[in-house]
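As structure tokens, the structure follows; a few thoughts come after it.
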Amino acid sequence: MLTNTFVLYLSTVLIWGSTFIAIPLQLGEVPGDVSIAYRFGLSALVLMLWCSFTRRNLRFGFRQHLWMAGQGLMLFGFNYMLVYQASADITSGLIAVVFSTIIVMNIINGALFFGNRVPRAVIGGAALGLVGICLVFLPEVRALDADGTTLRAIILSLLGTFITSFGNMLSARNQLSKLPVMQTNAYGMAYGALALALIAWGRGEMFSFEATWTYTGSLAYLALVGSVLGFGSFLTLLGRIGPERAAYCMVLFPIVALALSTVFEDYHWTAEAVAGVSLVLAGNLLVIVPKEKMQRVWRMFRPAYSRPAE
């Protein structure tokens, strides 16, 4: 059991950390909206076939389909449309750092939509994360172009992250309503793909296909590994160890994305970037680590003179 849990955890971190490096490979001849439609259309088809093969129920009412569609538009549609646009202007590793703030957004949105209490640690974690992101992007901000492309990419990344968080709230609502996760994801991906296809059609974009190993390989990886296996691993892990411990994946996958960005996108680390990433990770840990554990760690590392005399 422990070995399987570790494999699921490691798989989720590596898969989701690596998907950010595959997204820029989709940008080029094929419009971004069309590529997203291809990606989630293929993912939906695979999940539908899997649900049929395992004889899972695929019949739902009209209202249930409306909620599935809402989740699909937020998790597999509009959010990725913004992320793909941001990927054209900043490296994938930086987008992953921004995306890790979803931990704080989820807790705040959970308070707004479900009345969950917001711990004081969330406020501190959010402050650390905000300062950290500012430091990470400080070199880019200093060298902002006249048209502000970097700033625009940062805003798109934050907005895409917030939409994803909103989609998580819809997912939580759907699970509370006893909608099965796999079938909901299958239909949600289908609705997300359909929405992006309609947007692309409305914009007059061509439904072309780039028959190269780079495009085809990255599309297959994003659809089959990033979407089907990635979500499958995370949701299985979620049910096995709980959402709080599973949330550590969100802290670690930006490190994987930044490491890959350093190798493949020639991302250059600066002192500000190292400090910024450290603050983002510290802020996320402050949010998801229980208060009692934080106090135990503090007692281990505080100076000896501050301890009571024995």
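Quick look at the numbers
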quantity: Answer from Leu45, Leu58, Leu10 - the residue that is at pLDDT below 90 and either surrounded by fewer than 19 Cβ atoms within 10 Å (Cβ to Cβ) or over 21 Å from the mean Cα position of the chain (by Cα) (or both); calculated: Leu10
quantity: Given (1) buried (at least 20 other Cβ atoms within 10 Å of the Cβ); (2) free of Cβ contacts under 8 Å to residues at least 40 places away in the same chain, number of the condition Ser157 does not satisfy; calculated: (2)
quantity: Qualifying residue in the range 118-133 (condition: at pLDDT 80 or above, in a loop (DSSP other than H, G, I, E, B) and within 25 Å of Tyr267 (Cβ to Cβ)); calculated: no
quantity: All helices (runs of 4 or more DSSP H) inside the range 220-310 with 3 or more residues being modelled with pLDDT of 70 or more; calculated: 230-241, 248-264, 271-288
quantity: Wholly enclosed helices (runs of 4 or more DSSP H) of the range 1-87 bearing at least 2 residues of a type in the set (Phe, Trp, Tyr) and within 23 Å of Thr214 (Cα to Cα); calculated: 2-22, 32-53, 78-87
quantity: Out of Val104, Val98, sole residue that is in a helix (DSSP H, G or I), modelled with pLDDT of 80 or more and touching a helix residue (DSSP H, G or I) at 6+ places or on another chain (Cβ under 6 Å); calculated: Val98
quantity: Hits in the range 109-121 (condition: crowded, with 17+ Cβ neighbours inside 10 Å and either within 15 Å of Gly167 (Cα to Cα) or of a type in the set (D, E, K, R) (or both)); calculated: Asn109, Gly110
quantity: Which listed residue is closer than 23 Å to Tyr191 by Cα and either surrounded by fewer than 16 Cβ atoms within 10 Å (Cβ to Cβ) or under 23 Å from the mean Cα position of the chain (by Cα) (or both), from Gly17, Gly28, Gly72; calculated: Gly72
quantity: Residue list for the range 166-184, restricted to those being assigned to a helix (DSSP H, G or I) and free of Cβ contacts under 8 Å to residues at least 24 places away in the same chain; calculated: Gln175, Leu176
quantity: Checking Met206 against (1) over 30 Å from Arg56 (Cβ atoms); (2) surrounded by 21 or more Cβ atoms within 10 Å (Cβ to Cβ), the condition it does not meet; calculated: (2)
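The values are calculated or read from the model by the stated rules, or taken from the named source; none is laboratory data. Just so we're clear, the structure is a prediction, and the values are computed from it rather than from any experiment. Note that each Cβ is placed from the backbone with ideal geometry, even for glycine, and that neighbours are counted across all protein chains shown.
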